[in-house]
1. If I model a spin label as a point 7 Å beyond the Cα along the Cα-Cβ vector, how far apart are those points for residue 42 and residue 76 in nm?
2. With charges only on Cβ, +1 for K and R and -1 for D and E, what is the dipole size of the range 33-74 about its Cα centre, in debye, rounded to 20?
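Please treat every number below as a calculation from the coordinates, not as lab data. Keep in mind it's a predicted model, so treat the numbers as computed, not measured. Here Cβ is always computed from backbone atoms with ideal geometry, including for glycine, and neighbour counts include all displayed protein chains.
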Amino acid sequence: MAIAIARSGFQTLLRRGGRSAPTKKNFSSSAQHDDAYETAKWEKITYLGIASCTILAIFNLSKGHPHYPDPPAYPYLHIRNKEFPWGPDGLFEVKHHDH
């Protein structure tokens with residue numbers, strides 16, 4: 001089967017004189033619109049998206065956020081059974097100096 005297909009292709013080349021007609025590739029973007037037009041369109045859409053996201057972020061960050069009351073100081077929240085190597089306070093806590 002493969003030999004028959006190859007033979008028919010070879011015979012077709014012989015009939016044409018060894019020259020094949022150049023084929024034009026049609027891509028979907030160039031079928032109806034110019035590529036430069038599509039590029040310019042998506043560039044404008046991108047800039048519009050960047051501007052709208054920036055405005056939305058500024059608006060959201062400029063609004064205040066609610067402040068909730070501190071939770072009660074339950075005694076079981078800061079259980080320390082072993083001394084830390086850097087001292088009795090936590091590494092990032094405010095140091096208590098009671099003298």
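1. 5.8 nm
2. The dipole of the range 33-74 has a size of about 260 debye.
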